[in-house]
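The structure appears right after this line, and notes come after that.
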Amino acid sequence: MNIVSKELFQHMVRIRRQIHKHPELGYQEENTAAIITEELEKLGIKATAGIAKTGVIGRIDTTNNTGPVVALRADMDAIAIHEETGLEFASEVKGVMHACGHDGHVAMLIGAAAILKQTLKTGNIILVFQPAEEGEGGALKIMESGHLDDAKAIYACHLDRHFKVGQLVAQKGTISAFTERFEISIKGRGGHVAQPHDTVDAIVVASLIVMSLQTIVSREVNPMHPSIVSVGQIEGGTVPNAVAETAWLHGTIRTTEEHVRNQIIAGIKRIVSAAGKLHNADVKVDIIKGYPAVTNTCNESEIARTAVKNIIGEEALVDTQFASMGGEDFSFYLEKIPGCLVRLGAQKEGFANIPAHSSTFDFDENALGVGAAFLAEAAKLTIDHLEKS
């Protein structure tokens with residue numbers, strides 16, 4: 001798909017593969033930041049490193065810092081997974097890999113910067129290379145840095161193996177979920193399995209809680225509202241012939257509506273408290289707040305759709321009926337700045353059924369050109385809109 005020049009496409013591929021070979025976890029992206037800074041400086045773009053610890057901010061100004069300001073964002077961090085793709089540019093860092101496409105996000109934003117440096121006539125662009133999207137919420141620290149205070153809109157692409165290269169999802173409204181974690185601690189009374197009447201079995205209480213939690217979604221939440229309560233980790237007991245005195249449950253909550261989120265949290269607390277009283281155990285629930293839901297704003301979503309039509313055509317637009325239940329810290333930007341997160345088709349032959357966060361994840365690099373062209377076009381369209389409004 002020849003959307004950008006062959007030279008620019010090949011340059012993005014080289015950047016992507018260089019970053020892929022040397023992945024770095026959240027707030028450790030020092031080498032990645034150095035690559036980004038060098039690439040921006042080659043383009044004649046001022047870059048400031050060390051934002052939100054390891055982030056990089058670039059800025060393209062055409063009007064001496066006056067005029068509309070649009071931000072474009074790419075996340076930088078890898079994941080603690082040992083790569084098993086067998087790619088010639090596979091991770092050289094044991095136990096760390098780019099299994100979510102953030103290496104591609106960085107490369108395509110550098111590509112967009114190259115396009116904008118040559119074609120932007122008015123307005124200003126902030127290039128946000130953000131650390132720690134994978135669970136650390138680096139977007140919030142970028143916002144707290146003040147570097148986006150004058151941004152009037154923000155856009156990002158996320159590679160998505162559910163769609164083919166040349167397909168993009170640019171929809172208004174909620175497109176990803178609230179993400180909360182919960183931790184439940186249970187303290188019973190330990191003892192020998194031969195005298196169960198002298199004990200309070202923490203594992204029995206934990207088992208009751210696990211099964212009861214499933215009824216919140218199946219019997220208490222309106223089925224029209226997507227929601228998830230899942231226990232992903234159980235700890236308890238020390239030896240096979242002793243009744244466990246303590247147990248712990250760790251899980252996640254995913255919702256797309258604020259009132260459902262509150263309903264589920266209340267339901268978890270009620271069920272855990274009731275189970276503790278039923279079995280005479282001491283129980284405690286901690287809710288660990290995660291990312292807000294990503295809610296694309298109407299105007300910016302429409303601009304994003306126009307950008308897709310301009311670079312490929314209306315046939316490239318794909319609409320999905322439901323929000324993803326995954327989380328994305330792009331939501332922190334959207335709490336303050338209008339914007340749109342776009343899903344970018346990147347399905348690779350032979351890897352179509354391999355999900356993100358898998359040790360064998362990869363994507364079709366042809367998506368890099370599409371992403372770079374889209375980001376540049378969306379930025380220019382937004383500046384034009386802001387200047388006319």
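Read-outs: derived from the displayed coordinates by stated rules, not from any lab. Predicted, not measured: the structure shown is a model, and the values here were computed from it. FYI the Cβ positions are ideal-geometry reconstructions off the backbone, even for glycines, and counts take in every protein chain you see.
Over the chain, what lengths in whole Å, largest first, do the semi-axes of the equivalent ellipsoid take, defined as the square roots of 5 times the eigenvalues of the alpha-carbon gyration tensor?
So the three semi-axes of the chain are 44, 23, 19 Å.
If you take the alpha carbon radius of gyration of segment 331-381 and divide it by 2.2 N^0.38 Å, what ratio comes out, to two decimals?
That works out to 1.44 for segment 331-381.
I'd like the per residue volume of the convex hull spanned by the Cα atoms of segment 270-389, given in cubic angstrom.
182 Å³
Suppose a student asked you for the relative contact order of segment 178-288, using Cα pairs under 8 Å spaced at least 6 residues apart; what percent would you report?
42 percent
Taking the chain as a Gaussian network, Cα atoms linked when under 10 Å apart, which of 162, 259, 197 shows the biggest mean-square fluctuation?
Judging by the Gaussian network model, the answer is 197.
Using a Förster radius of 25 Å, what is the FRET efficiency between residue 262 and residue 212 based on their Cβ-Cβ separation? Nearest 0.05, please.
0.85
Under 1.5 on a/c is rounded, so check that first for segment 222-329, then, if it is not, pick prolate when a/b is larger than b/c and oblate when it is not; a ≥ b ≥ c are the square roots of the alpha carbon gyration tensor eigenvalues.
Because a/c hits 1.5 or more and a/b exceeds b/c, segment 222-329 counts as prolate.
Quick one: which of 42/94; 42/117; 46/309; 42/164; 187/277; 6/172 span more than 23 angstrom between C-alpha atoms?
From 42/94; 42/117; 46/309; 42/164; 187/277; 6/172, over 23 Å: 42/94; 46/309; 42/164; 6/172.
At what distance in angstrom do the alpha carbon centres of segment 1-31 and segment 248-264 lie from each other?
Segment 1-31 and segment 248-264 have Cα centres spaced 36 Å from each other.
Hey, what's the Cα Rg ratio for segment 94-203 versus the globular rule of thumb, 2.2 N^0.38 Å?
Cα Rg divided by the expected 2.2 N^0.38 Å: 1.81.
What is the extension gain from residue 224 to residue 62, computed as 0.36 nm multiplied by their sequence separation minus the C-alpha to C-alpha distance, in nm to one decimal?
Gain on extension, residue 224 to residue 62, equals 53.5 nm.
Once phi is turned into θ = phi - 60°, what whole-Hz ³J(HN,Hα) does the Karplus curve with 6.51, -1.76 and 1.60 give for every residue of segment 258-273, x standing for Gly and Pro?
4, 5, 5, 4, 5, 5, 5, 4, 4, x, 4, 5, 5, 5, 5, 4
Over segment 156-300, what per residue volume does the convex hull of the Cα atoms give, in whole Å³?
Cα-based convex hull of segment 156-300, divided per residue, equals 138 Å³.
Pop out the ³J(HN,Hα) list for segment 25-42 in order, Karplus 6.51 cos²θ - 1.76 cosθ + 1.60 with θ = phi - 60°, rounded to Hz; leave Gly and Pro as x.
Once rounded to whole Hz, the list reads 6, x, 6, 10, 7, 6, 5, 4, 4, 5, 4, 4, 4, 4, 5, 5, 5, 4.
Quick check on segment 1-158: of the DSSP beta bridges with both residues there, what percent are antiparallel, nearest 5%?
50 percent
How compact and how long is segment 1-68, expressed as Rg and Dmax of its alpha-carbon atoms in Å?
Considering segment 1-68 through its Cα atoms, Rg and Dmax are 14.2, 40 Å.
Under a 10 Å cutoff between Cα atoms, tell me which one of 116, 249, 40 has the largest fluctuation in the Gaussian network model of the chain.
It is 249.
Residue by residue through segment 117-134, which ³J(HN,Hα) values in whole Hz follow from phi under the Karplus form 6.51 cos²θ - 1.76 cosθ + 1.60 (θ = phi - 60°), with glycine and proline marked x?
After applying 6.51 cos²θ - 1.76 cosθ + 1.60, I find 4, 8, 10, 6, 9, 9, x, 9, 10, 9, 9, 9, 9, 9, x, 6, 7, 6 Hz.
Below 8 Å between Cα atoms, with a sequence gap of 6+, how large is the relative contact order for segment 120-236 in percent?
Normalised by residue count, the contact order of segment 120-236 is 11 percent.
To the nearest 0.05, what FRET efficiency results for residue 302 and residue 42 with a Förster distance of 25 Å applied to their C-beta separation?
Approximately 0.15, to the nearest 0.05.
Can you list the residues, at least 5 places off or on another chain, whose amide H is less than 5 Å from the amide H of residue 230, using H built in the peptide plane?
HN-HN under 5 Å from residue 230: 252.
Indicate, rounded to the nearest 5 percent, the antiparallel portion of the DSSP beta bridges found entirely in the chain.
Antiparallel bridges make up about 70 percent of those DSSP assigns within the chain.
Can you give the local net charge around residue 349? Use residues other than it whose beta-carbon is closer than 14 angstrom to its beta-carbon, Lys and Arg +1, Asp and Glu -1.
0
What number, in percent, do you get for the relative contact order of the chain if the mean sequence gap of Cα pairs under 8 Å and at least 6 apart is divided by its residue count?
It rounds to 24 percent for the chain.
Once a ≥ b ≥ c are taken as the square roots of the eigenvalues of the Cα gyration tensor of segment 1-142, is the result rounded (a/c under 1.5), prolate (a/b larger than b/c) or oblate (a/b not larger than b/c)?
Oblate.
Please compute the net charge surrounding residue 126, taking Lys and Arg as +1 and Asp and Glu as -1 over other residues with Cβ under 12 Å from its Cβ.
+1
Could you list which residues have their amide H under 5 Å from that of residue 191, counting only those 5 or more apart in sequence or on another chain, with H placed in the peptide plane?
243
GNM, the chain, Cα, under 10 Å: largest mean-square fluctuation among 364, 282, 103?
Sorting by GNM fluctuation, first place goes to 282.
Ignoring everything except DSSP H segments at least 4 long, calculate the 222 nm mean residue ellipticity for the chain; use -39,500 (n - 2.57) per segment, divide by total residues, nearest 500.
-11000 deg cm²/dmol
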